[in-house]
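These notes concern the structure reproduced below.
The values are calculated or read from the model by the stated rules, or taken from the named source; none is laboratory data. Worth saying up front: this structure is predicted, and the values here are computed from it rather than measured. Note: ideal-geometry Cβ built from the backbone for every residue, glycine included; neighbour counts use all protein chains shown.
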Amino acid sequence: MLQFIANRILTMIGMTLMLSFVCFFIIQLPPGDVISAYAAELAAAGDSSGGQMEEMLRERYGLNQPFVVQYLKWLRNLLVGDLGYSFNLSKPVSEIIESRIGISLLVEMLAITVLWAIAVPIGIYSAVRRYSVGDMFATVFGFIGLAVPNFLLALLIMYLVYVFTGTAVEGLFSAEYANARWSLGRILDFLSHVWIPVVVIATGGAAPIIRVLRANLLDELNKPYVVTARAKGMKESRLIMRYPVRVAMIPLVATVGWVLPTIISSSIVTAIVLNLPTLSPILLRSLLSQDMHLAGALILFMGILTLVGTLVSDLLLAWIDPRIRTGMAT
Amino acid sequence: MEQPVLHVSDLSVGFSVRSHVTDVVHGVSFDLHKGETLCVVGESGSGKSVTARALMRICRPGRITGGQILLNGPEGTVDITALDDNDEAMRAIRGDRIGMVFQEPMSSLSPVHTIGAQITETILLHRNMTDAAARAEAIESLRRVQIPDPETAIDKYSFEFSGGMRQRAMIAMALACQPEILIADEPTTALDVTTQAEILRLLKRLQAELGMAVIFITHDMGVVAEIADRVAVMYHGRLVELGPARQVFHDPQAAYTRHLIGASSRFSIARDHDRGGTLPPAAPKPLLEVRELDLTFRKTTGFIRRRTKEFHALKQVSFTLHEGENLGIVGESGSGKTTLVRALVGLLNADAGSAMYRSKDGRSFDLLEPGALRGAGLNREIRMVFQDPFSSLNPRMTVEQIIAEPLILEGRLPRREIRDKAAYLLNRVGLPQAMLTRYPHAFSGGQRQRISIARSLAVDPRLIIADEATSALDGSIRSQILDLLFDLQTELGLSYIFVGHDLGVVRYFCDRIAVMHKGELVEIDRAARICQQPTRDYTRNLIAAVPGTDPDHRRLIAAE
């Protein structure tokens, strides 16, 4: 097992290098660069210092050097921990990420926990009581959640909260707690805000989990080993949790790998609508303004999270399914 | 007379179809006495399994629609029919007083729990003891079923065991609480003959040791003859005959029982003619000459330190198949039978050797050359029929599409003619043309195997390789399929390579038999010679493991 992990980590380093190249290449693809976007902004504002200044800035940041040279420079800086500088926000990239990653992580983890805590029991119920009223209801509820765009749901909730309480909820903190230190009051304030994005993300994501779990579990419920367990005299509820559910969860556990990168990329529109201080709106903005160091760092970070997530889900799979474990050992 | 352990009277079991309930078991009555073996025999769909499951109240979605099941014990009588499926009282009986062993040990054991966890669980459900004591008990039950090194085996998973060991573990689990009644639902059907013989002996020994009553469900009359004290014959959900084994075999009352006994005695290996149906050709011309075929499986693992595991699956295998001949290949599972035929049709790549095939136009081809079948159009001439009629037909294609697929792939015939040909072929294998538009799930196992055969005939083959083609079928269906193969042989001049583990069947069908053991072809001779004067101990063991046909002359179980 240890050797398996060591092997995987070595492969991941190679993958990350390749990934960094692809990232950088993609960011460079659209015509123009951050300076031209900046200049266009200035021109729109009526400033006509124009061409000369642009050239000067390009010279200074090495933007007119060949692609490969720029890439190698970027990579070398990354290796020593320098993520570069965001022209747009006039701050080092590392500072921007640092200030937002904690909250991103918290919101997304809460949402995922709630999502799974709702979806898994509903999925099990839907399969065990197939075609019951509850199953139909869960299906309808799940598909409505899936079909309604997240941002619309967010707007709807904001509207309803405003109508019923008279307060506008946006962001994750009220003004007085925005820059305060953590305290009981701040936590309560946070909870009173965070439930909206959590509910929005959870309702959107529940349907696929419910349906996948339901379909898998329906297959497993008719397997002979379930009859064997029943023939032992086991209680039905315990039996279902212990045998078929464990097997039916395997394909879902395999998707855990995709969850980590959503910390950055998921629910961009929701985050913008709700004005959340998370990383996803920053990602969108940096891509629009071709803020390459910021965008590159974020995309590369997402890639690394995907790799780490895949490793984690592989380890989880090995833990849950001994057939995979023995395959790794050999 | 002593009170029976189990008294079943007028039991009916039904399934709800839409709003009304249809009975599949009608008024079955029997008694089961301490220490006896009652064999319930019948073809698939006759209601044997449903009856057995009803006794344990695990026949959902079916339910008991009438009759009574009484379980008698030292603490009095329990009316099982009066309990609810998941009552605590019912759960206390399941696994403790009645144990059950199933057909497919692989799928009947959880793939994600150790053998030990599953056995200990049963013990803890019914006995008040510590985890450590339950583990010790589980080890003891593994020892009882003769699993070597039970202290280590207990922490293994079912997929780490061989088929026979898995079934032993399954038995250990069913017997962990030393039940009064053991229900064994086709426990040896999925095993090869030698393993079957071992399991039957083991069950007999355990039964004597624990004084259990055993209900043994099977479709194999040979097994019945070996182990039954009494026999219950089921047909279309009804009990058509019930009596002592000797009486049922020597003086059967029901016509269906006679039919079953007749069908099974055809496969007796004690007969001395060579082939059941047609006669072998007078002047043999070689059709296929296999010389020194060698094949090794290699599995490479590791990313940095590469390691290769090797398994020498076929060792210098040589044989000749003549035109119009039926050659049987027998051996235990894992002996290389299937690997051999797969190498011949190019599904696996051989490492060395040759397999010269003489085609219809008289040319010779080496089947082991990569792409030989495709290149020379030999895949028209050599077709395969597989073991499992359920998984070898695409469930999303109609019968017409399935049969016509080889013809469509060839693209030589216009659509119209393909359609006619598919209809003709379906008729030829004994199914009505009207079934062309149906999907495989609408057919029984035997009918599906007929469809597989029709598919193999679509392109006018000369050689059909049947890989355990009748192993999944019941006795009487099996003889029908074999008769069909004989008829087709006479009509179309076919040759067969017939892979099987049941010597009785192979002997019935084949002119010559090749015996395989650990990748080597150890013996090849005329079928009668192999069965009567085997030269190798391995062959002798295979023959000795074939169940007999008469409860007076048991071959496997020594009569007490």
Index of the failed condition, A:G32 passing every other in (1) exposed (fewer than 14 other Cβ atoms within 10 Å of the Cβ); (2) in contact with a helix residue (DSSP H, G or I) (Cβ under 8 Å, 6 or more places away or on another chain); (3) in contact (Cβ under 8 Å) with a residue 12 or more places away in the chain: (2)
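Listed here are the residues, each with its yes/no results for (1) among the aliphatic types (A, V, I, L, M); (2) in contact with a His (Cβ under 7 Å, 6 or more places away or on another chain); (3) closer than 30 Å to A:P251 by Cα.
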| position | (1), (2), (3) |
| --- | --- |
| A:A147 | yes, no, yes |
| A:L153 | yes, no, yes |
| A:L160 | yes, no, no |
| A:G171 | no, yes, no |
| A:D189 | no, no, no |
| A:R211 | no, no, yes |
| A:E220 | no, no, yes |
| A:T228 | no, no, yes |
Residue match in region B:420-438 (condition: under 21 Å from B:H322 (Cα atoms) and of a type outside the set (D, E)): no
B:I147 vs. criteria of a type outside the set (G, A, S) and assigned to a loop (DSSP other than H, G, I, E, B): yes
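So which residues in region B:397-431 are touching a residue at least 40 places away in the same chain (Cβ under 8 Å) and buried (at least 16 other Cβ atoms within 10 Å of the Cβ)?
Those that are touching a residue at least 40 places away in the same chain (Cβ under 8 Å) and buried (at least 16 other Cβ atoms within 10 Å of the Cβ): B:T398, B:V399, B:I402, B:I403, B:A404, B:E405, B:P406, B:L407, B:R428, B:V429, B:G430.
Does at least one position in region A:90-102 carry a residue that is assigned to a helix (DSSP H, G or I) and either at pLDDT 90 or above or among the aromatic types (F, W, Y) (or both)?
Checking region A:90-102: not a single residue is assigned to a helix (DSSP H, G or I) and either at pLDDT 90 or above or among the aromatic types (F, W, Y) (or both).
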Which numbered condition B:T120 fails, given (1) closer than 28 Å to B:K48 by Cα; (2) within 12 Å of chain A (Cβ to nearest Cβ); (3) crowded, with 18+ Cβ neighbours inside 10 Å: (1)
Top-ranked residue in region A:191-215 [being of a type outside the set (G, A, S) and free of Cβ contacts under 8 Å to residues at least 40 places away in the same chain; ranked as farthest from the other protein chains (Cβ to nearest Cβ)]: A:H193
Tabulated pairs, region A:57-70, first in contact (Cβ under 8 Å) with a residue 24 or more places away in the chain, second of a type outside the set (K, R), C-beta under 7 angstrom, 6+ apart or interchain: A:R58/A:I35; A:R58/A:N64; A:L63/A:D33; A:L63/A:I35; A:F67/A:Q28; A:Q70/A:G62
Residue among A:V133, A:V114 that alone is closer than 20 Å to A:L218 by Cα and modelled with pLDDT of 90 or more: A:V133
Residue in region B:335-348 that is under 12 Å from B:V290 (Cβ atoms) and small (G, A, S) present: yes
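Inside region B:1-69, counting only strands (runs of 3 or more DSSP E) that do not spill past its ends, which hold 1 or more residues that are at pLDDT below 95, outside the structural domain of B:S471 (by TED's automatic domain parsing) and out of contact with any strand residue (DSSP E or B) (no Cβ under 8 Å at 6 or more places or on another chain)?
B:6-17, B:20-32
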Enumeration of residues in region B:59-90 that are over 24 Å from B:L242 (Cα atoms) and either surrounded by 17 or more Cβ atoms within 10 Å (Cβ to Cβ) or within 14 Å of another protein chain (Cβ to nearest Cβ) (or both): B:R60, B:P61, B:G62, B:V78, B:L83, B:D84, B:D85, B:N86, B:D87, B:E88, B:A89, B:M90
Residues of region B:443-466 that turn out to be part of a loop (DSSP other than H, G, I, E, B) and under 19 Å from the mean Cα position of the chain (by Cα), as a count: 2
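Results for (1) within 14 Å of another protein chain (Cβ to nearest Cβ); (2) more than 30 Å from A:P322 (Cβ to Cβ); (3) assigned to a helix (DSSP H, G or I), shown as yes or no for each residue.
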site: A:R8; (1), (2), (3): yes, no, yes
site: A:L19; (1), (2), (3): no, yes, yes
site: A:V22; (1), (2), (3): no, yes, yes
site: A:G32; (1), (2), (3): no, yes, no
site: A:A37; (1), (2), (3): no, yes, yes
Which numbered condition A:A111 fails, given (1) more than 17 Å from the chain's Cα centre (by Cα); (2) under 16 Å from A:I201 (Cβ atoms); (3) surrounded by 15 or more Cβ atoms within 10 Å (Cβ to Cβ): (1)
Residue in region A:255-269 that is at pLDDT 80 or above and over 15 Å from the mean Cα position of the chain (by Cα) present: no
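For every residue, the table says whether it meets (1) in a loop (DSSP other than H, G, I, E, B); (2) loosely packed, with under 14 Cβ neighbours inside 10 Å; (3) in contact with a Cys (Cβ under 8 Å, 6 or more places away or on another chain).
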{"site": "A:M53", "(1), (2), (3)": "no, no, no"}
{"site": "A:M56", "(1), (2), (3)": "no, yes, no"}
{"site": "A:N64", "(1), (2), (3)": "yes, yes, no"}
{"site": "A:W74", "(1), (2), (3)": "no, no, no"}
{"site": "A:L83", "(1), (2), (3)": "yes, no, no"}
Pairs with Cβ under 8 Å, 6+ apart, first in region B:473-493 and outside the structural domain of B:V505 (by TED's automatic domain parsing), second not in a helix (DSSP H, G or I): none
Identity of the residue in region B:314-349, of a type in the set (A, V, I, L, M, F, W, C) and over 20 Å from B:F386 (Cβ atoms), that ends up surrounded by the most Cβ atoms within 10 Å (Cβ to Cβ): B:V317
B:A434 being exposed (fewer than 12 other Cβ atoms within 10 Å of the Cβ) and closer than 23 Å to B:L488 by Cα: yes
Breaking point among (1) free of Cβ contacts under 8 Å to residues at least 40 places away in the same chain; (2) part of a loop (DSSP other than H, G, I, E, B); (3) within 14 Å of chain A (Cβ to nearest Cβ), for B:A176: (1)
